[in-house]
């Protein structure tokens with residue numbers, strides 16, 4: 001009688017486990033790809049689309065102001081940087097973002113804000129009342145009272161710090177603006193040099209300032225840079241020591257970051 005040869009029957013447990021692991025890995029990969037696509041779309045929306053929207057709306061506001069003033073837009077002028085946008089940052093220095101400037105600090109600005117045509121859904125406190133022009137940068141941007149991100153800065157406007165002086169007045173006419181995203185009007189203020197003009201139009205008046213000093217980096221809480229006589233509280237050797245009519249532009253630095261603030265100072269050259 002022949003010996004029987006034992007037959008080993010392989011179970012399906014090993015293949016099942018491998019198939020299950022492969023399925024989990026595949027599902028995980030699909031999830032990662034999906035999340036990546038969603039994040040990419042959010043970045044595109046934040047970096048590109050918000051710029052388009054804010055720049056277009058700011059341009060419309062400039063035109064509305066000029067129509068109300070009986071002026072035509074200057075040829076060759078544009079709102080925003082006019083170049084491909086980048087990532088974001090909130091350019092607020094010193095005091096907490098707020099609304100309108102102190103009524104006693106800038107009466108001319110307040111009167112102009114009341115007379116300006118309001119944007120849809122805007123309130124008097126965040127309504128554009130002036131236009132800032134920077135010829136070197138080809139920049140034209142509306143100016144509103146307050147530095148609240150949602151109400152002012154995210155619209156592509158330059159915002160006047162509460163309590164600072166009005167255009168052309170003694171003291172410091174201090175402005176904040178985004179460097180990246182939401183119209184990024186102050187994207188290239190780092191390119192300004194001493195002697196460059198900063199022009200502020202305000203219903204029938206034009207105030208021309210000239211860039212005098214630039215503070216390339218300071219902290220976000222350096223309130224000295226927007227004081228009536230601007231001087232850095234962090235770097236006391238930077239700024240001015242005599243009363244005068246000043247303008248201050250503040251924005252984030254480095255680009256795509258809100259860690260520090262870049263400051264440009266100017267003095268009033270003439271008014272007309």
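The values are calculated or read from the model by the stated rules, or taken from the named source; none is laboratory data. Computed from a predicted model, the values in this text were never measured in an experiment. Glycine also receives a Cβ, built like all others from the backbone with ideal geometry; neighbour counts cover every protein chain displayed.
Of the residues in region 190-206, at least one is within 25 Å of residue 130 (Cα to Cα), part of a helix (DSSP H, G or I) and touching a residue at least 24 places away in the same chain (Cβ under 8 Å).
Scanning for something over 20 Å from residue 184 (Cβ atoms), under 22 Å from the mean Cα position of the chain (by Cα) and modelled with pLDDT of 80 or more, does region 43-64 turn up at least one residue? Checked against the condition, which is being over 20 Å from residue 184 (Cβ atoms), under 22 Å from the mean Cα position of the chain (by Cα) and modelled with pLDDT of 80 or more, region 43-64 yields at least one hit.
The residues on offer are 184, 220, and the sole one that is under 23 Å from residue 52 (Cβ atoms), touching a residue at least 24 places away in the same chain (Cβ under 8 Å), assigned to a loop (DSSP other than H, G, I, E, B) and within 20 Å of the chain's Cα centre (by Cα) is 184.
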